[in-house]
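Data block below; observations after.
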Amino acid sequence: MNQLKFPPRLCLAQLPTPFKPLPIPTYSGDRRLWIKRDDLTGSLLSGNKVRKLEFTLAEALSQGADTLITCGGLQSNHCRATAVLAAEHGLGCELILRGDPPAVSDGNMLLAQLAGAKLHIYGAREYQHKLSSLLVDHSEQLVREGRRPYIIPTGASDEVGLWGYVKAAQELANDFQSEGLESPLVVCAAGSGGTLAGLAAGLAHYCPQARVLGVAVCDSAAYFRARVKEDIAGAMKRYSDSGLSVPDNYWVNDQYIGPGYALGYRSLYDCIARIAANTGVILDPVYTGKAFYGMLDLLEKSQLRQSDIVFVHTGGIFGVFPEREAMQINNP
Ligand SMILES: Cc1ncc(COP(=O)(O)O)c(C=O)c1O
């Protein structure tokens, strides 16, 4: 197999992350379940974002940036990870956030503030309509102040960040070999699409027999199919000698979003509680909970044919706390 040629990367995550069987007592089917613990890539840098930011930050520093600008929801894991990395590297950080400012900050937003990020909060409608210009306006303002900003797109999901999950696919292929998995199905949450794009492109190269299922937590399956193609095409164009190719090994399910992005539902919360109590794995209600719930439901309905199913736990634990009311457990 030809090696892929990776762009420059900083080592920021604790890698490799553990890969383990995940026996679930309440699942009675015959599939073998596994978990890739990317929630353990770090503490404040936990989750999938740090893998992408290894490449994004290398790119920003190579351009001489002294301030990172990025965007997301008030509880964005990506914004928190960017703020912490900026603090660690002596960089400024400005976050364009979507939502209504809470009376008291919590979860990821609180951590981003503690890490010194400057927050700019916009209502959902304004954010949705004006995001590109907001990023540019804030960037231009920083330039006027003599700073050198670098804009990171939502979730660091672009032709640079997706390399984080191409690299993760290489790690997974080693995990599969060590544990004897021949043609597994890899399941992940799809939020901005970079994790899915990287896994699909990387596994097509390192483990062509594997398939990837992205469980959408916001937009439609058609959106993610197009988005993944677009990001990979962007990477192939920009890194033309990298060896990447367009994969045909993935699909997207958008049936588990519920009422909308970051909006939960009872069966989701119950699933999160059941998995935590039975396995010690904590899922979050915005991303990993929906993906895991979807994976289990599809398994129960016998819609997944592979005998090895690998869930990529992409982190998100700080998103549990702002949902504390919905997630209350009534112990007997
Ligand atoms: C915890 C967590 N899991 C999964 C995702 C989805 O990853 P991606 O944005 O690469 O689709 C995100 C971010 O969107 C996340 O914060």
Query raised in the report: Between a first residue in region 154-174 that is closer than 18 Å to Gly191 by Cβ and within 12 Å of the ligand (Cβ to nearest atom) and a second residue that is of a type in the set (Lys, Arg) and outside any loop (DSSP other than H, G, I, E, B), which pairs have beta carbons less than 6 Å apart while being 6 or more apart in sequence or on different chains?
Result: Ala156/Lys52; Gly161/Lys52; Gly164/Arg51; Gly164/Lys52; Ala168/Arg51
Query raised in the report: Restricting region 296-319 to residues that are of a type in the set (S, T, N, Q) and surrounded by fewer than 24 Cβ atoms within 10 Å (Cβ to Cβ), which is nearest to Gln75 (Cα to Cα)?
Result: Gln303
Requested in this report: State whether one or more residues within region 274-295 are within 11 Å of the ligand (Cβ to nearest atom), crowded, with 18+ Cβ neighbours inside 10 Å, part of a strand (DSSP E or B) and among the aliphatic types (A, V, I, L, M).
Outcome: no
Report task. Exactly one condition in (1) surrounded by 19 or more Cβ atoms within 10 Å (Cβ to Cβ); (2) over 21 Å from Arg31 (Cβ atoms); (3) more than 11 Å from the ligand (Cβ to nearest atom); (4) not polar (S, T, N, Q) is not met by Leu181; state its number. Result -> (2)
Requested in this report: Among the numbered conditions (1) without any contact (Cβ under 8 Å) to a residue 60 or more places away in the chain; (2) crowded, with 16+ Cβ neighbours inside 10 Å; (3) in a loop (DSSP other than H, G, I, E, B); (4) not basic (Lys, Arg), tell me where Glu325 comes up short.
Outcome: (2)
Report task. Check region 130-152 and report whether any residue there is surrounded by 16 or more Cβ atoms within 10 Å (Cβ to Cβ), in the same structural domain as His78 (by TED's automatic domain parsing) and within 13 Å of the ligand (Cβ to nearest atom). Result -> yes
Report task. Could you tell me whether any residue of region 77-91 is in a loop (DSSP other than H, G, I, E, B) and in contact (Cβ under 8 Å) with a residue 40 or more places away in the chain? Result -> no
Report task. For residues that are assigned to a helix (DSSP H, G or I) and either crowded, with 16+ Cβ neighbours inside 10 Å or on the phi > 0 side of the Ramachandran plot (or both), tally how many sit in region 247-270. Result -> 2
**Report entry** region 219-246: number of residues that are surrounded by 20 or more Cβ atoms within 10 Å (Cβ to Cβ) and either without any contact (Cβ under 8 Å) to a residue 12 or more places away in the chain or assigned to a loop (DSSP other than H, G, I, E, B) (or both)
**Finding:** 1
Query raised in the report: Mind checking which residues of region 103-132 are touching a residue at least 60 places away in the same chain (Cβ under 8 Å) and not in a helix (DSSP H, G or I)?
Result: Asp106, Ala115
Query - Restricting region 42-76 to residues that are more than 18 Å from the chain's Cα centre (by Cα) and part of a helix (DSSP H, G or I), the residue that is surrounded by the most Cβ atoms within 10 Å (Cβ to Cβ) - result: Ala60
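The values are calculated or read from the model by the stated rules, or taken from the named source; none is laboratory data. From a predicted model like this one, the values you see are computed outputs, not experimental measurements. Methodologically, a virtual Cβ is constructed for each residue, glycine included, from the backbone with ideal geometry; neighbour enumeration extends over all protein chains shown.
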